[in-house]
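Everything below concerns the one structure shown next.
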Amino acid sequence: MLYEKLKNRHIILASGSPRRHQFLRDLGLDFEIRLKDTKEDYPSTLLHYEISDYLAQLKSLPFIKELKEEDILITSDTIVWHKSGALGKPQNNDEAFAMLKSLSNATHEVITSICVRTKIFQKTVNAVTKVTFKAFTDDEIWHYIKTCSPLDKAGAYGIQEWIGQIGVIGIEGSYFNVMGLPTHLLYETLNTIADDY
């Protein structure tokens, strides 16, 4: 359905995430993967979804001059918000352990922002999902780190992996958002572009 509406448009996904690639395929979309390095720094005054909104928009900036009339660019960023601070991707296993230890037996928020841009249109949307973990033992955390390579994931975990299967005791909001892309928001935004632009 959405594919028909967008058949004359060229979708560019600026993400190296295999999960996000699969989400767009599952939505039935044809797309090009186009990557540019962006230093993911943000002003210290930003809080909560302001951070992921800013970073999603920041990732779109290197593409602006090369966008053609038919192009639709999608950029995205995910953070974990916990104890009034943002958790990004851990730099090493010890940092991953510290993150997961802090998330143990607690509720945190996963925030994903999507920036959709054309030559004449730009919109940023975000979703917030609350996730509650059981209390993890140190052995469980280290087992996960050693077997699932969490260094490429915000908050040092993937909900679809072992740690999510044994650890999630509550979730409020979009599950797909926690995986890295609130597909319902992307679908709505692309429909808006197809209908109005």
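Summary of computed values
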| item | result |
| --- | --- |
| Criterion (outside any strand (DSSP E or B), in contact with a strand residue (DSSP E or B) (Cβ under 9 Å, 6 or more places away or on another chain) and polar (S, T, N, Q)) met by exactly one of Asn105, Asn126 | Asn105 |
| Tabulated pairs, the stretch 159-177, first in contact (Cβ under 8 Å) with a residue 60 or more places away in the chain, second surrounded by fewer than 17 Cβ atoms within 10 Å (Cβ to Cβ) and of a type in the set (Val, Ile, Thr), C-beta under 6 angstrom, 6+ apart or interchain | Gly170/Thr132 |
| Residue count for the stretch 92-114, restricted to those that are closer than 26 Å to Leu58 by Cβ and either among the charged types (D, E, K, R) or at pLDDT below 95 (or both) | 2 |
| Search result, residues across the stretch 3-21 that are outside any helix (DSSP H, G or I), out of contact with any strand residue (DSSP E or B) (no Cβ under 6 Å at 6 or more places or on another chain) and surrounded by fewer than 18 Cβ atoms within 10 Å (Cβ to Cβ) | Lys7, Asn8, Gly16, Ser17 |
| Those residues of the stretch 157-171 which are hydrophobic (A, V, I, L, M, F, W, C) and either assigned to a strand (DSSP E or B) or under 13 Å from the mean Cα position of the chain (by Cα) (or both), in sequence order | Ile159, Val168, Ile169, Ile171 |
| Residues located in the stretch 90-112, provided they are in contact with a Leu (Cβ under 7 Å, 6 or more places away or on another chain) and free of Cβ contacts under 8 Å to residues at least 60 places away in the same chain | Met99 |
| Residue, farthest from Pro182 (Cα to Cα), within the stretch 113-157, restricted to residues that are of a type in the set (Gly, Ala, Ser) and either surrounded by fewer than 14 Cβ atoms within 10 Å (Cβ to Cβ) or in contact (Cβ under 8 Å) with a residue 60 or more places away in the chain (or both) | Ala135 |
| Residue list for the stretch 36-53, filter: free of Cβ contacts under 8 Å to residues at least 40 places away in the same chain, surrounded by 14 or more Cβ atoms within 10 Å (Cβ to Cβ) and either on the phi > 0 side of the Ramachandran plot or of a type in the set (S, T, N, Q) (or both) | Thr38 |
| Flag if Ile64 is touching a strand residue (DSSP E or B) at 6+ places or on another chain (Cβ under 9 Å), more than 22 Å from Asp152 (Cβ to Cβ) and touching a residue at least 40 places away in the same chain (Cβ under 8 Å) | yes |
| Selection within the stretch 134-154 - modelled with pLDDT of 95 or more and either assigned to a strand (DSSP E or B) or not aromatic (Phe, Trp, Tyr) (or both) | Lys134, Ala135, Thr137, Asp138, Asp139, Glu140, Ile141, His143, Ile145, Lys146, Thr147 |
| Residue count for the stretch 161-176, restricted to those that are loosely packed, with under 15 Cβ neighbours inside 10 Å and either at pLDDT below 95 or more than 27 Å from Glu188 (Cβ to Cβ) (or both) | 4 |
| Residue match in the stretch 102-121 (condition: basic (Lys, Arg) and under 22 Å from Gly170 (Cβ atoms)) | no |
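The values are calculated or read from the model by the stated rules, or taken from the named source; none is laboratory data. Please read all numbers here as calculations on a predicted model, not as lab measurements. All Cβ positions, glycine included, derive from the backbone under ideal geometry; neighbour counts span all protein chains shown.
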